[in-house]
């Protein structure tokens, strides 16, 4: 006979073991095996994160009008610096001629081909107000010192990149040679220039009148300085005859005419372009040149220029030291975002990055410009030592003009820089002022 009992016992044992193991295997599977289910879960999460991080490639188009800005962006490698933090974004810069920039943007606007970020000057904000996005909620706008001062229709449309003053750059050694102190009034300024001219060795004031625009510290800004009104163009638009004696424009131009009549800008300022005038100052043929704060970076890039021999002071237009010392404070290059931009969110992200401490401080330090951000300060360097040491200093924040001003300007082709060229050429001053009064009054009468 076969012994059946042991065989039955072994079979029952195997059945019991199998029944015990099935729940354990099921439990392991449901809780996740480090080598199987859990690994698959981690891999799935990683793939999901990669999908989130892998954003579609974006190209942001940004035009600029300044070769100085282009050089700085190249030197500081803006394109790649931004790409480090935003690998999907490519910044595409386009350099346009400053004299053609506004018209180029108008043409592109008509064709709905504006860039993603469109830098504008303050006077152009009104012209493009219907075509650019409000930026009131942008962090860069909230932290900016001046953005709200340039609101259009109660909205911030652009974020000003930099703040700067206008300066008279001078050769310290020439001033020492002639025993000239830094002038604190207009009379002292003219006297200093005449003293240098009488010495016969140097041109007192380098002027690139051939290009027209270099006369802007005088012909464009001095009416606002005499008036103490950074919004003077808007004020003029409320007047019928602003070119009359006793008005700020007329009185400022009388002062300017004194410089031109005295040949204090050399024998032929209209025959000299900006590049030539810059070289004249850099090579010490001229004692003075009047240009904005941006010129500091230009000087540093020029060969054989002794930076230690160059200083800067604010242009004095006051008649007495007891008067307020009005000086132009400019904010320039307003970052705007056109409504037609294909990537408005990425454009906003770029603007916030541009005004962040890491990039903005480095950029403005290299450009030698002042910050427009509330919590960021820039060291301007030794060339500006003592430049602001004057009594009764009053900053005049220079603005564009109202819509009415722009209409009058367009109607009569009002161009202060061209007026400066006419004054250098010896055009009759009183006749020019009267003709401007007549055309201005006529244009005002046609305003709607």
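The values are calculated or read from the model by the stated rules, or taken from the named source; none is laboratory data. These figures come from a predicted structure and were not determined experimentally. All Cβ positions, glycine included, derive from the backbone under ideal geometry; neighbour counts span all protein chains shown.
Quick check on region 69-100: of everything there that is out of contact with any helix residue (DSSP H, G or I) (no Cβ under 9 Å at 6 or more places or on another chain) and in a helix (DSSP H, G or I), which residue is farthest from residue 410 (Cα to Cα)?
Going through the qualifying residues, I end up with 84.
What are the pairs, 6+ residues apart or on separate chains, where a residue within region 237-266 that is touching a residue at least 40 places away in the same chain (Cβ under 8 Å) has its Cβ under 7 Å from a residue that is surrounded by fewer than 17 Cβ atoms within 10 Å (Cβ to Cβ)?
Close Cβ pairs satisfying both conditions: 240/441; 241/441; 250/244; 262/194; 264/194.
Test residue 140 against the stated conditions and say whether it is out of contact with any strand residue (DSSP E or B) (no Cβ under 7 Å at 6 or more places or on another chain) and either outside the structural domain of residue 406 (by TED's automatic domain parsing) or surrounded by 20 or more Cβ atoms within 10 Å (Cβ to Cβ) (or both).
no
Residue-by-condition table, conditions (1) crowded, with 21+ Cβ neighbours inside 10 Å; (2) over 18 Å from residue 399 (Cα atoms); (3) over 27 Å from the mean Cα position of the chain (by Cα):
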site: 145; (1), (2), (3): no, no, no
site: 158; (1), (2), (3): yes, no, no
site: 161; (1), (2), (3): yes, no, no
site: 170; (1), (2), (3): yes, yes, no
site: 176; (1), (2), (3): no, yes, yes
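Residue-by-condition table, conditions (1) in a helix (DSSP H, G or I); (2) within 25 Å of residue 129 (Cβ to Cβ):
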residue: 351; (1), (2): yes, yes
residue: 360; (1), (2): yes, no
residue: 366; (1), (2): yes, no
residue: 383; (1), (2): yes, no
residue: 389; (1), (2): no, no
residue: 396; (1), (2): no, yes
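Please enumerate the residues belonging to region 139-155 that are out of contact with any helix residue (DSSP H, G or I) (no Cβ under 6 Å at 6 or more places or on another chain) and in a helix (DSSP H, G or I).
Of everything in region 139-155, those that are out of contact with any helix residue (DSSP H, G or I) (no Cβ under 6 Å at 6 or more places or on another chain) and in a helix (DSSP H, G or I) turn out to be 142, 148, 149.
Can you spot a residue in region 188-203 that is buried (at least 22 other Cβ atoms within 10 Å of the Cβ), at pLDDT 95 or above and touching a helix residue (DSSP H, G or I) at 6+ places or on another chain (Cβ under 6 Å)?
no
When you go through 407, 441, 377, 427 one by one, which is the residue that is without any contact (Cβ under 8 Å) to a residue 24 or more places away in the chain and more than 30 Å from residue 138 (Cα to Cα)?
427
If you check 61, 97, which single one turns out to be over 14 Å from residue 353 (Cβ atoms) and at pLDDT 95 or above?
Going through 61, 97 in turn, the sole match is 61.
Could you tell me whether residue 356 is under 20 Å from residue 230 (Cα atoms), surrounded by fewer than 21 Cβ atoms within 10 Å (Cβ to Cβ) and within 18 Å of the chain's Cα centre (by Cα)?
It is false that residue 356 is under 20 Å from residue 230 (Cα atoms), surrounded by fewer than 21 Cβ atoms within 10 Å (Cβ to Cβ) and within 18 Å of the chain's Cα centre (by Cα).
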